[in-house]
Amino acid sequence: RMSRHAQQLRDHDTNPCVAETDASRKCMDDNNYNKDMCTAYFLKYKSCRKFWHDIMMQRRRSGVKPEMPSAEERKKMLESMG
């Protein structure tokens, strides 16, 4: 059974970067944990985290709840950006 924290990390509503996390992990597995081979995946993960963190902070300042948009809401936001 997964810990509560691990479950939260797998929850698409609270973690907007599950796909990027999985891709980074898979790259590391596939490349015998040679980090140099996975730089692109790490950068994608990092930019994902930064993007959604900035949105979360903006929502917090504006008093919007929940601070992290749901998976469905995020999908619509990204689609509206093109």
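Per-residue ellipticity at 222 nm from helix content only, as computed over the chain with -39500 (n - 2.57) for each DSSP H run of at least four residues, stands at -21500 deg cm²/dmol. Note on the chain: dipole from Cβ charges, positive end direction compared against Met28, Ala71, Met56; the farthest Cα belongs to Met56. No cysteine of the chain lacks a disulfide-compatible partner when judged by a Cβ distance under 4.7 Å. Assuming charge only on the beta carbon of Lys and Arg (+1) and of Asp and Glu (-1), the dipole of segment 40-82 about its Cα centre is about 160 debye to the nearest 20.
In terms of distances greater than 22 angstrom between alpha carbons, the cross-link table entries Lys44/Lys65; Lys35/Lys76; Lys35/Lys75; Lys46/Lys75; Lys26/Lys65 yield Lys44/Lys65; Lys35/Lys76; Lys35/Lys75; Lys26/Lys65.
Between Ala71, Ala19, Ala40, the residue with the greatest mean-square fluctuation in the GNM of the chain (Cα pairs under 10 Å linked by springs) is Ala40. Nearest 20 debye, what's the magnitude of the dipole of the chain about its Cα centre given +1 on Lys and Arg Cβ and -1 on Asp and Glu Cβ? In total the dipole reaches around 320 debye. Accessible surface calculations at 1.4 Å, restricted to protein heavy atoms, place the chain at 78 Å² per residue.
On the chain, 54 percent of the accessible area sits on carbon and sulfur atoms, based on a 1.4 Å probe.
Across segment 30-44, coupling constants 3J(HN,Hα) worked out from phi with the 6.51/-1.76/1.60 Karplus curve, θ = phi - 60°, read 5, 10, 6, 6, 8, 4, 4, 6, 10, 3, 4, 5, 5, 5, 4 Hz, and Gly and Pro carry x. Computed over the chain, relative contact order equals 29 percent, with contacts defined as Cα pairs under 8 Å that lie 6+ residues apart.
The values are calculated or read from the model by the stated rules, or taken from the named source; none is laboratory data. These figures come from a predicted structure and were not determined experimentally. All Cβ positions, glycine included, derive from the backbone under ideal geometry; neighbour counts span all protein chains shown. For the accessible areas, the whole protein counts, side chains as well, though only heavy atoms, and no ligand, DNA or RNA atoms are used. Shrake-Rupley method; radii C 1.70, N 1.55, O 1.52, S 1.80 Å.
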